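Novice: Here it is, the structure in full.
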């Protein structure tokens with residue numbers, strides 16, 4: 001079988017995107033997804049995205065982690081698939097409405113950036129040493145010191161596989177306030193390694209930073225990741241819930257090709 005694909009990256013978080021409006025790609029092809037995402041024997045990516053038709057929407061986003069399993073929402077992947085849909089002419093007036101596993105999303109194309117509206121966050125679990133919340137995917141957020149030298153791989157793996165989180169998995173974010181930015185490094189479940197950036201992870205970090213009084217302002221937060229810079233904007237309410245959450249940053253085409261599998 002020959003597969004046509006496009007490769008995109010959002011602040012170093014990279015994705016294989018397939019136009020699957022003809023439904024030729026089997027949505028249950030988990031082993032194939034893992035093979036395509038393999039960096040030595042496939043194309044190589046943190047995840048794979050199918051763009052499909054969805055009644056009432058510009059398109060549907062179906063997301064897989066690099067382990068081949070269909071997964072929860074991916075913020076950087078969402079921004080990348082919006083840019084891909086824009087090149088296909090599926091988006092009118094630079095405004096998109098698409099469906100993902102966590103429901104409806106809006107997006108705005110304003111090159112070089114894509115702004116993606118995330119789902120509301122009604123509560124944040126505050127614990128000694130860490131916070132837990134869901135921003136489309138489950139996230140553990142912990143503030144640390146000397147983040148550049150922090151052992152994200154080992155410490156993230158321990159937390160992701162501890163008694164509480166092992167069954168469902170969790171994305172583990174380590175955060176440090178650096179000047180006027182938050183520096184965020186993330187161990188991602190499904191990739192089982194540190195990625196250069198995680199969209200839902202930096203969103204989670206920004207909201208926690210707001211609750212801790214260390215966000216850039218009351219309404220937004222500048223984020224630094226290994227792969228580049230992002231901005232998270234939000235409205236925080238007196239009950240510490242959040243609405244109008246937007247993730248903004250670049251979504252960049254890398255290359256396209258064909259692969260026989």
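Novice: Among the residues of region 113-135 satisfying the criterion of being within 30 Å of residue 252 (Cα to Cα) and in a loop (DSSP other than H, G, I, E, B), which is farthest from the chain's Cα centre (by Cα)?
Specialist: 120
Yes/no matrix, rows are residues, columns are (1) part of a strand (DSSP E or B); (2) closer than 23 Å to residue 231 by Cα; (3) touching a residue at least 24 places away in the same chain (Cβ under 8 Å); (4) in the same structural domain as residue 15 (by TED's automatic domain parsing):
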{"position": "156", "(1), (2), (3), (4)": "no, no, yes, no"}
{"position": "159", "(1), (2), (3), (4)": "no, no, yes, no"}
{"position": "162", "(1), (2), (3), (4)": "no, no, no, no"}
{"position": "172", "(1), (2), (3), (4)": "yes, yes, yes, no"}
{"position": "184", "(1), (2), (3), (4)": "yes, yes, yes, no"}
{"position": "194", "(1), (2), (3), (4)": "yes, yes, yes, no"}
{"position": "203", "(1), (2), (3), (4)": "no, yes, yes, no"}
{"position": "208", "(1), (2), (3), (4)": "no, yes, yes, no"}
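Novice: Ok, one more. Modelled with pLDDT under 95 and under 26 Å from residue 172 (Cβ atoms): which single residue out of 128, 100 fits that description?
Specialist: Exactly one residue qualifies, and that residue is 128.
Novice: Quick check on my filter: what residues within region 1-22 are out of contact with any helix residue (DSSP H, G or I) (no Cβ under 8 Å at 6 or more places or on another chain), modelled with pLDDT of 95 or more and not in a strand (DSSP E or B)?
Specialist: Across region 1-22, the qualifying residues are 12, 20, 21, 22.
Novice: Mind checking whether some residue in region 16-37 is closer than 18 Å to residue 116 by Cα and touching a residue at least 12 places away in the same chain (Cβ under 8 Å)?
Specialist: yes
Novice: Residue by residue through region 38-55, note down the ones that are part of a loop (DSSP other than H, G, I, E, B), touching a residue at least 40 places away in the same chain (Cβ under 8 Å) and under 16 Å from the mean Cα position of the chain (by Cα).
Specialist: Across region 38-55, the qualifying residue is only 46.
Novice: Follow-up. Do the conditions hold for residue 243, that is, is it assigned to a helix (DSSP H, G or I) and under 23 Å from residue 107 (Cβ atoms)?
Specialist: So residue 243 fails the test.
Novice: If you don't mind, there's one more thing I want to ask. Does residue 92 satisfy being closer than 27 Å to residue 203 by Cα, outside the structural domain of residue 187 (by TED's automatic domain parsing) and modelled with pLDDT under 95?
Specialist: Yes.
Novice: Still on this structure, I have one more. One residue is enough: does region 83-96 have a residue meeting the conditions buried (at least 19 other Cβ atoms within 10 Å of the Cβ), in contact (Cβ under 8 Å) with a residue 12 or more places away in the chain and under 29 Å from residue 160 (Cβ atoms)?
Specialist: no
Novice: Quick check on residue 148: is it assigned by TED's automatic domain parsing to the domain that holds residue 178, free of Cβ contacts under 8 Å to residues at least 60 places away in the same chain, under 29 Å from residue 209 (Cα atoms) and surrounded by fewer than 19 Cβ atoms within 10 Å (Cβ to Cβ)?
Specialist: yes
The values are calculated or read from the model by the stated rules, or taken from the named source; none is laboratory data. As the structure is a prediction and not an experimental result, all values here were calculated from the model. So basically every Cβ, Gly included, is an ideal-geometry build from the backbone, and we count neighbours across all protein chains shown.
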